[in-house]
Ligand code: XIL
């Protein structure tokens, strides 16, 4: 509002042939609004975002915070294969468009998640039997149709999600079994052909620190780069749990990928705990969030952090990990938890 008024008065002054009022004349009150996580991150040339999902779009209080506190969003489900190509060759971007329109209206960046994953695939795809040629054609069409639809609106694509097992071997997905490991390079090339500006990512969980799984990505990305394949980012999901300890070497791990020449993003951060949440657990969680964000701030090519939704009200955790939850920086009543304040502090707020 203040900015609009300042712009208006500047315009009036100019029309009247007078010098525009200096910016310092703006009312001091504007300076005292608390900065949002998104704004604070931007001062470090990074984004701070939250995933979201369409059922939440009926919750006005939720949307208000989503639209004001965060500089980036990721559709939690709406861009997955089951949602976007429910029948072979029949595309439906309604849900994803809703998220993208919200992001646009609130000046938020969008991460596209995800083009290829072994989960949440449509039945026609998993129940069919495909020759390599057929599956390659299906894959190419899926990737290019989706990337084309969101061209110019999506800054990153998680082109392949969760390609490796914990021991660093390839996950035996439909795509791997039918096409071999080359499906990853093909997918990256097809996406790049369609949108040369979106940054193309490989994304996974349990790759926070240095270990067999992140090593597999390190080796793969190095090879892809050597082969001239357009891979530009490594997405570290960051689904942590208090009972498993804070991963070691997070910053060093991010840095080694940066040194390979790709950017790094923390794409799905949440930190769950065995319920009930206690003040002690919430305090530890707050430290972990701060330490994770600190690691990203310390690595120039870490471009931002996305939490996997921002409130415990809509977290995916309780449904998938029974007995666990309280994983996000806002509680079920949309009130900030200690983690919110610790993130804010690390960002300089
Ligand atoms: C989750 C969604 O949040 C849930 O709503 C859905 O039921 C299952 O998928 N890793 C990913 C995300 O890459 O796509 C997953 O999202 C969480 C784990």
Within the stretch 45-58, considering residues that are under 16 Å from residue 78 (Cβ atoms) and not in a helix (DSSP H, G or I), the one farthest from the chain's Cα centre (by Cα): 53
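Considering only the stretch 210-229, state which residues are surrounded by fewer than 17 Cβ atoms within 10 Å (Cβ to Cβ) and outside any helix (DSSP H, G or I). It would help to see each step written out before you state the result.
Residues of the stretch 210-229 surrounded by fewer than 17 Cβ atoms within 10 Å (Cβ to Cβ): 210, 212, 215, 219, 222-223, 225-228.
If the condition is that a residue be surrounded by fewer than 17 Cβ atoms within 10 Å (Cβ to Cβ) and outside any helix (DSSP H, G or I), then 210, 227, 228 are the ones that fit.
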Considering every residue within the stretch 163-171, establish whether at least one is under 21 Å from residue 78 (Cα atoms), surrounded by 23 or more Cβ atoms within 10 Å (Cβ to Cβ) and touching a strand residue (DSSP E or B) at 6+ places or on another chain (Cβ under 6 Å). no
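State all residues of the stretch 263-291 that are touching a residue at least 60 places away in the same chain (Cβ under 8 Å) and either within 16 Å of the ligand (Cβ to nearest atom) or within 20 Å of residue 69 (Cβ to Cβ) (or both); if no residue qualifies, say none. Give the derivation first.
So the first thing to find is which residues in the stretch 263-291 are touching a residue at least 60 places away in the same chain (Cβ under 8 Å), and the list is 263, 265, 267-268, 271.
265, 267, 268, 271, listed by residue number.
Do we find that residue 320 is at negative phi and surrounded by fewer than 16 Cβ atoms within 10 Å (Cβ to Cβ) in this structure? Please lay out each step first, then the result.
Values: at negative phi: yes; surrounded by fewer than 16 Cβ atoms within 10 Å (Cβ to Cβ): yes.
For residue 320, the condition - at negative phi and surrounded by fewer than 16 Cβ atoms within 10 Å (Cβ to Cβ) - is met.
Looking only at the stretch 97-117, filter to residues that are closer than 19 Å to residue 147 by Cβ and more than 16 Å from the ligand (Cβ to nearest atom); which one of those is surrounded by the most Cβ atoms within 10 Å (Cβ to Cβ)?
The first filter runs over the stretch 97-117 and keeps only residues closer than 19 Å to residue 147 by Cβ, leaving 97-101, 103-104, 109-117.
Subsequent filtering for residues that are more than 16 Å from the ligand (Cβ to nearest atom) retains 97, 100-101, 103-104, 109.
Details: 97: 15, 100: 22, 101: 11, 103: 25, 104: 11, 109: 20.
Of everything passing the filter in the stretch 97-117, 103 is surrounded by the most Cβ atoms within 10 Å (Cβ to Cβ).
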Counting just the residues of the stretch 68-90 that are in contact (Cβ under 8 Å) with a residue 60 or more places away in the chain and out of contact with any helix residue (DSSP H, G or I) (no Cβ under 8 Å at 6 or more places or on another chain), which one comes out farthest from the ligand (Cβ to nearest atom)? 74
Regarding residue 18, is this residue assigned to a loop (DSSP other than H, G, I, E, B), modelled with pLDDT under 95 and either out of contact with any helix residue (DSSP H, G or I) (no Cβ under 6 Å at 6 or more places or on another chain) or not assigned by TED's automatic domain parsing to the domain that holds residue 310 (or both)? yes
Would you mind stating whether residue 238 is assigned by TED's automatic domain parsing to the domain that holds residue 157 and closer than 16 Å to residue 162 by Cα? yes
Unique residue being in contact with a strand residue (DSSP E or B) (Cβ under 9 Å, 6 or more places away or on another chain), assigned by TED's automatic domain parsing to the domain that holds residue 327 and not in a helix (DSSP H, G or I) when the list is 267, 284: 267
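The values are calculated or read from the model by the stated rules, or taken from the named source; none is laboratory data. Computed from a prediction, not measured in an experiment: that's the story for all the values here. Using ideal geometry, Cβ is built from the backbone for each residue, glycine included, and neighbour counts are taken over all protein chains shown.
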